[in-house]
Amino acid sequence: MAVTAIATSRRDQDELLYKKRHSLAHVMAEAVLKLMPEAQIAIGPPVDNGFYYDFELPRPLREDDLAGIETLMRGILQSKALFVREVVTKEKAAEVFGNQKYKQELLTGLPADEEISLFSSDGFVDLCRGPHVEHMGQIDPESFKLTRIAGAYWKGDERNAQLQRVYALAFHDKAGLDTHLAFLAEAEKRDHRRLGTELDLFHLDSENPGQIYWHPNGWVLWLAIEDYVRARQRDGGYKEVKTPFVMPQSLWERSGHWAKYREAMFVTESEKRLFALKPMNCPGHVEIFKQGIKSYRDLPLRIAEFGSCTRNEASGALHGIMRVRGFVQDDAHIFCREDQIEAEVKDFCDLLSTMYADFGFAKETIVVKLSLRPEMRLGDDATWDRAETVLGKACKAAGFDYLEMPGEGAFYGPKLEFTLIDALGRGWQCGTIQLDYQLPSAERLNANYIGEDGQKHPPVMLHRVVIGSFERFIGILIEHYAGAFPVWLNPVQAVVIPVSGKFDAYAAQVTEKLRSQGFRVESDTSDQKMGARIRDAQMRKVCYMLVVGGNEESEGTVSIRSRSGEQLPVMKVQDFSDWLKRKVASKVLL
């Protein structure tokens, strides 16, 4: 009963917050009309963490206008006016909105039998289905904040007029708002785009949107992850392959991707034939499976690829390295018999949890969803019953609980999705394993193996990734660690800093010895004072600073300081190397 009561209470709170945000959107529209009576108001829905409203205004809003609008809003809230709903005819609504052209256009587009409701408060009327709070006194005047101004096309269509959109945050009270503002400030500090520049990891070019230029430090990080994933997959029995970056229209038509993904594919022509840069690796892996005759004894066959893919994402949807046009996945496909599905899925779940733990995401911070059959699907219910049951059973056997997501499965089969919770409590969906009966079938790519009965059978195909997009995963790691990566991943694990130029030769000797043992080490023999060089290394988030002077040179030691400022015991160079090797192997932060 306690769990049900808590869940009900949370749901009621969420519904009340939705009403508050919706009501505040109306209050903002009223305030803007007070400030600029000639304003044209469009739409103003509640959204995650707040609300917005779109306006056509006689002049561009400035950031300093936001404070004035907030003040007007708080004054309106003081009236504690009721929100009154009225159902009216289309003709009456048209009369109410007079010269408000966007409201008139919305009215014109409504079906003849649509119920038209208006909400009025404090003399302001809006076209709205609701719901709202009962009266403005239910809203804390300090619980919201207008945050930014953006452009937005009417109805999201770039052929329409561009409006001014005012975004706002809103919570139950000032404490909730302050907590969220503190979260945003911390998220800003961790923004992967800013840290990517500060740590010299990568850069983006506006003339080549959605593509990443990896700098040496960023590529060191990339290779550390790739080498780790490759080793884990090799130990898991995967065979690494490489498929063409460009493949013909005919293959994409047989796989079904041409009909479904054509708009997102980069297409080129050669010798009067169409080809596409691959948006995914699956068809290529099936083509490899089809080469030669496969027996039931050859299964499962696990094929893995660091597959370079491109998708023609809209420029407005791109976001740093989190959402790009060119990306690489730790893509793998398992071809197996139906009786092997459960064991393969469990093995994948075990592999995934081990890998995530090494990247700093404990099993308890992984949220698993089992996406079940959608309304539009291929295959009979008996097949879906077996598929959903085996995924759930394997997931439980690997020690994961899961949330069922009705209707969220792919049209060809159910899937497990794994979401990582980062240091700020944000969720990032990364890993997935999808059960596919369709792509290998005779109707699609016609893959088969010879069963014990001597007959041909299509294999079951498991699509799986752990990391997903390398670019996105690195962005997640940057923000999770605020750029201070664990020692095994850090682009520079140590920097050797001589106290003066007299000890540059010893610093070079220490650096070379550590590099020869496989560590990523630099020496800083610049003209800056020693304190400035230490601060520079800390700003670059180098794991360890090795200070060397007369005593260290005579005794063959290094004085060690961590990036957190901790002074560690002086060590012989080889002892430090052995100690650092253990740190790297154990995947600890420092």
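Selection within segment 265-303: residues that are more than 15 Å from P244 (Cβ to Cβ) and hydroxyl-bearing (S, T, Y). The member of this set that is surrounded by the fewest Cβ atoms within 10 Å (Cβ to Cβ) is S295. Does any residue of segment 316-331 turn out to be part of a helix (DSSP H, G or I) and farther than 26 Å from G427 by Cβ? Among the residues of segment 316-331, not one is part of a helix (DSSP H, G or I) and farther than 26 Å from G427 by Cβ, which makes the answer no. A single member of G425, G379, G399 is of a type outside the set (D, E, K, R), within 27 Å of D191 (Cβ to Cβ) and part of a loop (DSSP other than H, G, I, E, B), and it is G425. If the requirement is being farther than 27 Å from G360 by Cα and either of a type in the set (S, T, N, Q) or in contact with a strand residue (DSSP E or B) (Cβ under 6 Å, 6 or more places away or on another chain) (or both), which of these qualifies: K294, K290? Within the list K294, K290, the selection yields K294.
Close Cβ contacts (under 8 Å, 6 or more residues apart or on different chains) running from residues in segment 364-393 that are in contact (Cβ under 8 Å) with a residue 24 or more places away in the chain and closer than 11 Å to L416 by Cβ to residues that are of a type in the set (F, W, Y) and surrounded by fewer than 18 Cβ atoms within 10 Å (Cβ to Cβ) comprise V368/Y402; K369/Y402; L370/Y402.
Looking across segment 91-105, the residues that are touching a residue at least 12 places away in the same chain (Cβ under 8 Å) and within 41 Å of the chain's Cα centre (by Cα) come down to Q100, K101, Y102, K103. Among the residues of segment 116-157, those identified as in contact (Cβ under 8 Å) with a residue 60 or more places away in the chain, more than 22 Å from G75 (Cβ to Cβ) and among the small types (G, A, S) are G130, A152. When segment 352-391 is filtered for residues that are among the aliphatic types (A, V, I, L, M) and touching a strand residue (DSSP E or B) at 6+ places or on another chain (Cβ under 7 Å), the ones remaining, listed by number, are L352, I366, V367, V368, L370, L372, A387, L391. The residues listed here are L580, L590; of these, the one that is touching a residue at least 60 places away in the same chain (Cβ under 8 Å), part of a loop (DSSP other than H, G, I, E, B) and surrounded by 12 or more Cβ atoms within 10 Å (Cβ to Cβ) is L590. What number of residues within segment 332-367 satisfy the criterion of being in a strand (DSSP E or B), buried (at least 18 other Cβ atoms within 10 Å of the Cβ) and of a type in the set (V, I, T)? Qualifying residue count for the region: 2. Only one entry of V460, V487 meets the criterion of being farther than 28 Å from W384 by Cα, among the aliphatic types (A, V, I, L, M) and crowded, with 19+ Cβ neighbours inside 10 Å, and that entry is V487.
When the criteria are applied in full, A170 meets the requirement of being in contact with a strand residue (DSSP E or B) (Cβ under 8 Å, 6 or more places away or on another chain) and at pLDDT 95 or above. Listed by first and then second residue, the pairs linking a residue in segment 448-464 that is of a type in the set (S, T, N, Q) to a residue that is in a loop (DSSP other than H, G, I, E, B), with Cβ atoms under 6 Å apart and 6 or more places separating them unless they lie on different chains, are N448/P458. Only one of R302, R273 is of a type in the set (K, R), at pLDDT 95 or above and more than 30 Å from the chain's Cα centre (by Cα); which? Being of a type in the set (K, R), at pLDDT 95 or above and more than 30 Å from the chain's Cα centre (by Cα) holds for just one of R302, R273, which is R273. Selection of first residues in segment 69-90 that are in the same structural domain as Q104 (by TED's automatic domain parsing) and surrounded by 15 or more Cβ atoms within 10 Å (Cβ to Cβ) and of second residues that are polar (S, T, N, Q) and not in a strand (DSSP E or B), restricted to Cβ pairs under 7 Å at least 6 apart or on distinct chains, gives the following pairs, ordered by first then second residue: F83/S23.
Just name the residue that is surrounded by the most Cβ atoms within 10 Å (Cβ to Cβ) out of those in segment 305-327 that are under 16 Å from M265 (Cβ atoms), among the aliphatic types (A, V, I, L, M) and within 15 Å of the chain's Cα centre (by Cα).
For segment 305-327, the residue satisfying everything is V324.
Look at segment 407-421: where a residue is under 23 Å from P440 (Cα atoms) and a partner is assigned to a loop (DSSP other than H, G, I, E, B) and polar (S, T, N, Q), sitting 6+ places away or on another chain with Cβ atoms under 8 Å, you get F411/Q438; Y412/Q438; G413/Q438.
Selection of helices (runs of 4 or more DSSP H) fully inside segment 495-576 by the criterion of at least 1 residues being among the small types (G, A, S), over 26 Å from L195 (Cβ atoms) and touching a residue at least 40 places away in the same chain (Cβ under 8 Å) returns 504-516, 550-555.
Here A394 fulfils each of the conditions (1) at pLDDT below 95; (2) in contact with a strand residue (DSSP E or B) (Cβ under 9 Å, 6 or more places away or on another chain); (3) assigned to a helix (DSSP H, G or I) apart from (1).
The values are calculated or read from the model by the stated rules, or taken from the named source; none is laboratory data. Everything quoted here is computed from the prediction, not taken from an experiment. Note that we place each Cβ from the backbone using ideal geometry, even for glycine, and neighbour counts take in every protein chain shown.
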